[in-house]
Amino acid sequence: MGLNIAVCIKSVPDPAYYDKISIDPKTKTITRKGIPAIISPGDKHALEAALQLKDQYGGTVTVIGMAPPEAKKELYEALAMGADEAVLLSDRAFAGADTLATSYTLAQGLKRSGDFDMVLTGTESADGATSQVPAQLAECLELPHLWNVKEFSLTEQRQIQAKVKLDAATGEYLVTLPAVLAIAREANKPRYINAFGIVKARGKKLTVLDNRELQADEKKIGQKGSPTWPGDIFIASLSRRGQALTGTPEEIAAGLIEKIRAAGINPVAAKEA
């Protein structure tokens, strides 16, 4: 029962260098020059889930990402973890994409790269953290979708039996393949990369596709295909200060509410005693 699995990988700025990030005042996008990139941590859990399925049932794991050419490094890291091949969608026409344009472009790349039994993603990226791409990708592919999957297994009927983490409970679902699953971080612990994996990765196939080869609708990619854009982006200035409030419990509560309001926060009105 071999499985052909695709895993969506996003290259993001290393969180350890977030203090070096700046915002382009014109485009409202992050300036990443000089900032190292990594695989978005949540995506590693999706890759680990795919590799565990491959270990159990056989098959192939293909990683795919949309990014500048430098993101080959992150895809080679995924190959070193155990993926069989990689696809990088890279074209200046893809730049400035919002989540909808990103989902559409990834869907076109997946359609061109093969017939997949399963498409796995993380639940959210480390930079945007919108959680929108998994569901939008499923819509573009016209496939069923489960988000925040913390545990799943494959039945003999090639269906996925999954446990999904909800706000205050766990939901159990049965979904027929092919499907898109967004894997929760608690689902597994990503494996480490060893020296053998690094050496082996250099002999694996990494395909780079621009839009001349992808033939995606230019009205649906990059900034042209993005119905949303940031009105303003800024780096928050955070500071800490300690203040002591004294008096009766009622006086302390009233003083706390006053300070919260003075900071520009509107708390729920306190019930008067």
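Any read-out appearing in this document is the output of simple, stated calculations on the displayed coordinates, not a laboratory observation. As the structure is a prediction and not an experimental result, all values here were calculated from the model. Cβ atoms come from the backbone with ideal geometry, glycine included; neighbour counts cover every protein chain shown.
For segment 187-259, would you read off the P(r) tail past 15 Å as a percentage of all alpha carbon pairs? Mind showing how you got there, number by number?
On the way: 2130 of 2628 pairs.
Result for the distance tail: 81 percent.
When +1 charges are put on Lys and Arg Cβ atoms and -1 charges on Asp and Glu Cβ atoms, the dipole computed for segment 90-198 relative to its Cα centre reaches about 300 debye.
Where both partners of a DSSP beta bridge lie in segment 3-220, what percent of those bridges are antiparallel, to the nearest 5? Display every interim value, and only then the final one.
Numbers: 17 of 44 bridges.
Rounded to the nearest five, the antiparallel share is 40 percent.
Which log10 I(q)/I(0) values does segment 38-135 give at q = 0.23 Å⁻¹ under the Debye formula, counting every alpha carbon as one identical point scatterer? Calculated log10 I(q)/I(0) at the listed q: -1.49.
Per Stokes-Einstein, at 20 °C and 1.002 mPa s, what whole-number D in µm² s⁻¹ belongs to segment 131-273, with the Kirkwood radius over Cα pairs as the hydrodynamic radius?
On the way: Rh = 22.0 Å.
Translational diffusion coefficient: 97 µm²/s.
Charge dipole of the chain (Cα centre as origin; +1 on each Lys and Arg Cβ, -1 on each Asp and Glu Cβ, all else neutral): 720 debye, rounded to the nearest 20. Of the residues Val199, Leu110, His45, the one whose Cα sits farthest toward the positive end of the charge dipole of the chain, with +1 on the Cβ of Lys and Arg and -1 on the Cβ of Asp and Glu, is Val199. Specify which residue in the list Leu3, Leu154, Gly128 is farthest towards the positive end of the charge dipole of segment 3-220, using unit charges on the beta carbon of Lys, Arg (+1) and Asp, Glu (-1), about the Cα centre. About the Cα centre, the residue reaching furthest to the positive side is Gly128.
Within the listed set Asp117, Asp210, Asp19, the Gaussian network model of the chain (springs between alpha-carbon atoms below 10 Å) gives the highest mean-square fluctuation for Asp19. Report the Stokes-Einstein translational diffusion coefficient (µm² s⁻¹, integer) for segment 54-109, Rh taken as the Kirkwood radius over Cα pairs, at 25 °C with viscosity 0.890 mPa s. In µm²/s, the coefficient is 199. Here the spin labels are modelled as points 7 Å beyond Cα on the Cα-Cβ line, and at Tyr173 and Ser22 they lie 4.3 nm apart.
Normalise the Cα radius of gyration of the chain by 2.2 N^0.38 Å (N = residues in it) and let me know the number.
Numbers: Rg = 22.2 Å, N = 273, 2.2 N^0.38 = 18.5 Å.
With N residues counted in the chain, Rg over 2.2 N^0.38 Å equals 1.20.
Computed 3J(HN,Hα) for segment 4-18, one whole-Hz value per residue from the Karplus formula 6.51 cos²θ - 1.76 cosθ + 1.60 where θ = phi - 60°, is 9, 10, 10, 10, 7, 10, 10, 8, 10, x, 4, x, 5, 10, 4, glycine and proline marked x.
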